[in-house]
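A short write-up of the structure that comes next.
The values are calculated or read from the model by the stated rules, or taken from the named source; none is laboratory data. What you see is a predicted model; the values in this text were computed from it and never measured. Cβ: placed from backbone, ideal geometry, glycine included. Neighbour counts: every protein chain shown.
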Amino acid sequence: MKKIVVRASAMEEWVTLVNEAEAAAEHPLDDDMESYLVFLLIRFTDKPELASGVLALDYLRGMQLSGQMAQDQLRDVGDKCLLYSGLFPERATRRRVQASYFVDLGRGAYDQLGQRLKNSSATLYQRLATTFVSLMDVLHAMRELGQPSRLDALHAYELWRDTGSAQALKTLRRRTRATPLALPDKEDGPRH
């Protein structure tokens with residue numbers, strides 16, 4: 001008798017992985033945010049061009065464009081920033097910026113997109129801007145499933161301090177066994 005091997009679809013595999021990461025991050029996402037994250041991961045699977053380009057320039061181009069081209073450009077910037085900050089935060093170090101750079105740029109792209117749209121998608125992009133750090137935390141947890149965090153204590157502290165990332169705080173506490181205090185900005189006063 002032959003055995004039949006049933007393989008799950010790529011979507012089912014990503015859904016399972018995202019659900020496991022949500023549990024590990026102790027941060028369940030609502031259906032809209034979970035679906036967006038799954039489709040984002042599917043869309044960028046096997047796309048080496050993800051690493052090409054300068055995101056700040058892409059953002060500026062998106063701000064100068066109009067219509068569908070602007071929407072696509074700003075969405076891509078937000079999506080790439082989410083992937084970089086969540087799955088590849090070491091790219092920030094290689095580009096000589098902090099990981100929060102990707103968070104700020106990604107939030108800005110989604111926010112601009114939400115402001116430009118006059119349809120139901122506007123709400124989705126506004127929510128992506130406001131839940132960006134939570135989505136990033138789920139991606140961080142996904143990256144760490146079954147292995148220790150590759151984020152070192154200093155980068156975890158910077159990410160927590162700059163974005164409020166719960167996952168970065170967990171990593172920092174695991175690495176240092178301490179609860180950090182955020183230092184106030186010289187100009188703005190306390191951050192947290």
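Is it the case that the stretch 160-168 has a residue that's among the β-branched types (Val, Ile, Thr), part of a loop (DSSP other than H, G, I, E, B) and modelled with pLDDT under 95?
Scanning the stretch 160-168, I find no residue that is among the β-branched types (Val, Ile, Thr), part of a loop (DSSP other than H, G, I, E, B) and modelled with pLDDT under 95, so the answer is no.
Can you go through Ala56, Ala109 and tell me which one is at pLDDT below 90 and part of a helix (DSSP H, G or I)?
Ala56
Could you please let me know if Arg107 is of a type in the set (Lys, Arg) and within 17 Å of the chain's Cα centre (by Cα)? Can you show your working first?
Details: of a type in the set (Lys, Arg): yes; within 17 Å of the chain's Cα centre (by Cα): yes.
When the stated conditions are applied, Arg107 passes them.
Quick check: anything in the stretch 84-93 modelled with pLDDT of 90 or more, in contact with a Gly (Cβ under 8 Å, 6 or more places away or on another chain), surrounded by fewer than 20 Cβ atoms within 10 Å (Cβ to Cβ) and within 20 Å of Ala25 (Cα to Cα)?
Checking the stretch 84-93: not a single residue is modelled with pLDDT of 90 or more, in contact with a Gly (Cβ under 8 Å, 6 or more places away or on another chain), surrounded by fewer than 20 Cβ atoms within 10 Å (Cβ to Cβ) and within 20 Å of Ala25 (Cα to Cα).
Assess whether Tyr157 counts as being in a helix (DSSP H, G or I) and either within 30 Å of Met69 (Cα to Cα) or small (Gly, Ala, Ser) (or both).
Taking the combined requirement at face value, the residue does not satisfy it.
Select from the stretch 9-37 the residues that are free of Cβ contacts under 8 Å to residues at least 60 places away in the same chain, within 21 Å of Ala122 (Cβ to Cβ), of a type outside the set (Ser, Thr, Tyr) and assigned to a helix (DSSP H, G or I) and list them in ascending order.
Listed by number, the residues that qualify are Asp31, Glu34.
Take the residues in the stretch 35-53 that are modelled with pLDDT under 85 and more than 24 Å from Val97 (Cβ to Cβ); name whichever of them is nearest to the chain's Cα centre (by Cα).
The residue in question is Thr45.
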